[in-house]
């Protein structure tokens, strides 16, 4: 069976450990070895076994759902379609092809991203307290003090989450600044897409704080530019140690995979933490 290289786009035998064209690791083999679902049916079973809250998260596995605000994956003949229905009902197709393992991994990764986004968003919500009874002033003062301590604890938790996210992310990916697209490699090098020659070229950092101009870590055809992985500056070795598919990466053995019950977010506000206007 043929698989599609996630980096250069060429097809090769899925039993090979590396792409013969660019040398990139065959992540399909790593997914299988680490128990990551590779078919729609396996993903369904995985979600059932771990009580993944698909309905409140608006994920439709194996279904061509037509409503707004939804993610999904389904089979259409020989093709597997991964999609997102945005807030206005328009559909953005993330993947359409015959590589089911690749398609399943795309929706699987989005499940993880969305779940973590909801988790962070709800962590910042103030805790729900019972209505305090009207009592003497000293009791009221004690209640006010307790509420302040709770808020401090919440702020500390949120700050830690933000700090961990910043420290664990090297910021590599696509940025759009003043109508120009830039790409940052994991090694810190920056590149500008020169529309005059339709090609990437080395560049300095356009501004000290590029975080406000982040477009995404993965290429999207809506950018209207060449995929950086197709340029001469792309190096697959950049991602051999930072990729989520590496053997040494602990993300696959995180609480997301090992947790037997993911219903802990039953009281979450599932409308928070999602961007329904983006393509993905």
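When you scan segment 179-186, do you find a residue that is in a loop (DSSP other than H, G, I, E, B), closer than 18 Å to residue 7 by Cα and modelled with pLDDT of 85 or more, even just one?
yes
Take segment 181-199 and flag every residue that is under 25 Å from the mean Cα position of the chain (by Cα) and more than 22 Å from residue 278 (Cβ to Cβ).
185, 186, 187, 188, 189, 190, 191, 192
In the set 212, 220, which member is more than 28 Å from residue 37 (Cα to Cα) and modelled with pLDDT of 65 or more?
On inspection, the qualifying residue turns out to be 212.
I'd like the full set of residues that are surrounded by fewer than 16 Cβ atoms within 10 Å (Cβ to Cβ) and part of a loop (DSSP other than H, G, I, E, B), limited to segment 51-62.
51, 62
Consider segment 200-218. How many of its residues are surrounded by fewer than 16 Cβ atoms within 10 Å (Cβ to Cβ) and assigned to a strand (DSSP E or B)?
Final tally of qualifying residues: 4.
Any residue in segment 13-26 that is buried (at least 16 other Cβ atoms within 10 Å of the Cβ), touching a helix residue (DSSP H, G or I) at 6+ places or on another chain (Cβ under 7 Å) and over 27 Å from residue 238 (Cβ atoms)?
No: segment 13-26 contains no residue that is buried (at least 16 other Cβ atoms within 10 Å of the Cβ), touching a helix residue (DSSP H, G or I) at 6+ places or on another chain (Cβ under 7 Å) and over 27 Å from residue 238 (Cβ atoms).
How many residues does segment 77-94 contain that are surrounded by 12 or more Cβ atoms within 10 Å (Cβ to Cβ) and part of a loop (DSSP other than H, G, I, E, B)?
Adding up the residues that qualify gives 2.
Take residue 65 and decide whether it is modelled with pLDDT of 95 or more, under 25 Å from residue 93 (Cβ atoms) and surrounded by 20 or more Cβ atoms within 10 Å (Cβ to Cβ).
no
Residues in segment 123-146: is at least one part of a helix (DSSP H, G or I), modelled with pLDDT under 80 and in contact with a helix residue (DSSP H, G or I) (Cβ under 7 Å, 6 or more places away or on another chain)?
Yes, segment 123-146 contains a residue that is part of a helix (DSSP H, G or I), modelled with pLDDT under 80 and in contact with a helix residue (DSSP H, G or I) (Cβ under 7 Å, 6 or more places away or on another chain).
Take the residues in segment 27-50 that are in a helix (DSSP H, G or I), farther than 23 Å from residue 227 by Cα and touching a helix residue (DSSP H, G or I) at 6+ places or on another chain (Cβ under 7 Å), then tell me which one is modelled with the highest pLDDT.
40
The values are calculated or read from the model by the stated rules, or taken from the named source; none is laboratory data. Since the model is a prediction, treat every value here as computed from it, not as a measurement. We place every Cβ from the backbone using ideal geometry, glycine too, and count neighbours over all the protein chains shown.
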